[in-house]
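Below: one structure, written as structure tokens.
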Amino acid sequence: MLRWLKGRGAAASAVAQMQARITPELWRDVLQAYPFLATLGADEAEQLQARAAWLLASKTMNGARGQVLSDFMRLSIAAQAALPILNLSPTLYEGWEEIIVYPEGFSIPRTHQDDAGVVHEYDEEAAGEAWEGGPVILSWADTLPGDTAFNVIIHEFAHKLDLSSGDADGIPDLSAHPGLSPRTWHRILNSSLDQFTAALDTIEAAIPGDIDPESDAAAPWYSQLPLDPYAATDEAEFFAVSSEHFFVEPEPLAQALPDWYELLRTYYRQDPLARAMRGTHR
């Protein structure tokens, strides 16, 4: 009980019991449902299952607004959430204990104070949210595989990794990476974000004036970017969006921002680009 109250990971026996409940058929269905998981080698898939079992044993996963969670839904969420810590310590996900799943997008109350000091209150539509010391909230409809690199699960769990070091500033806990200094991370993060922001400015300037840049009609221009434009919001979102692309569609990121890709490869101790290349030659 104390482990649960403190948001600590489950005991090894509980993780083993959870893993024993994952049938080969269910695990195969989850891996095959998501192309970036299907490219995992046998050893990686085995390690991912162990990490997913740890997560399922360590966190409560509850449906909201009438959402009923099937075994497939639970395991697919856990597997994608576990991918970033495939070769990292699962303790990075400790300190909180719940995953909340809505059937679709949900609203989050926000407040904003403008330059004149006026406070504005509004509801923001969201597909996911990661609270510091609190739950991860997901929209199931937005977790389904699509034809882009968008992955709300990896995005929100990257925020949790970011928060593991304190502030949401795009710099995760590097204590287990003696070869990575915060100074080096900060330098590459900022230079890569500046490079991406400049590319985004160029794209937006090229969109014809009769096309709403917020509409689907602008998609052909934004598709030329290596990341979703939301990555330019700030350092924390740049890290989270980059993590989505790193795992789901790594090639454009590796080509456009090679130093940033290499930093993520070193941090996550994974090379999704090499993994994807092997998958295409099977």
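What residue among 139, 164, 181 has the largest mean-square fluctuation in a Gaussian network model of the chain, using Cα springs under 10 Å?
181
Report in % the part of the accessible area of the range 208-282 that belongs to carbon and sulfur, leaving out ligands and nucleic acids; probe 1.4 Å.
Values: 1900 of 3710 Å².
Looking at the range 208-282 in its full context, I get 51 percent from C and S.
Take residue 167 and residue 14, extend 7 Å from each Cα along the Cα→Cβ direction, and tell me the distance between the two endpoints in nm.
3.4 nm
Projected onto the charge dipole of the chain (+1 at Lys/Arg Cβ, -1 at Asp/Glu Cβ, origin at the Cα centre), which of 12, 221, 102 gives the Cα projection farthest towards the positive end?
12
Using a 1.4 angstrom probe, figure out how much accessible area the range 11-86 has per residue, in square angstrom, rounded to the nearest whole.
Working: 3330 Å² over 76 residues.
That works out to 44 Å² per residue.
Which angle from 0 to 90°, rounded to the nearest 10, does the C-alpha axis of helix 24-33 make with the longest principal axis of the chain?
It is inclined by approximately 10 degrees.
For the range 204-282, report the accessible area per residue in Å² (1.4 Å probe, heavy atoms, rounded to an integer). Kindly include the intermediate steps, with their values, before the conclusion.
Details: 3960 Å² over 79 residues.
Result: 50 Å² of accessible area for each residue.
Measure nothing fancy, just the Cα-based angle from helix 42-58's long axis to the longest principal axis of the chain, in degrees from 0 to 90, nearest 10.
Roughly 80 degrees between the two axes.
Between residue 175 and residue 131, what length comes free when the chain is fully extended (0.36 nm per residue of separation minus the Cα-Cα distance, one decimal in nm)? List each step's numbers first, then the result.
On the way: separation 44, 0.36 × 44 = 15.84 nm, distance 2.22 nm.
Result: 13.6 nm gained on full extension.
Please state the equivalent ellipsoid semi-axes for the chain: what are the square roots of 5 times the Cα gyration tensor eigenvalues, largest first, in whole Å? Kindly include the intermediate steps, with their values, before the conclusion.
On the way: eigenvalues 179, 107, 83 Å².
For the chain, the ellipsoid semi-axes come out as 30, 23, 20 Å.
For the range 189-277, count all C-alpha to C-alpha pairs, find those more than 19 Å apart, and express that count as a whole percent of the total. Intermediate results must be reported in sequence, preceding the final value.
Numbers: 1514 of 3916 pairs.
Everything past 19 Å amounts to 39 percent.
The values are calculated or read from the model by the stated rules, or taken from the named source; none is laboratory data. These figures come from a predicted structure and were not determined experimentally. Counting neighbours? That spans all protein chains shown, and the Cβs are built from the backbone with ideal geometry, glycine included. Ligands, DNA and RNA are stripped out before the accessible areas are found, and what is left, the full protein with its side chains, is counted by its heavy atoms. Shrake-Rupley method; radii C 1.70, N 1.55, O 1.52, S 1.80 Å.
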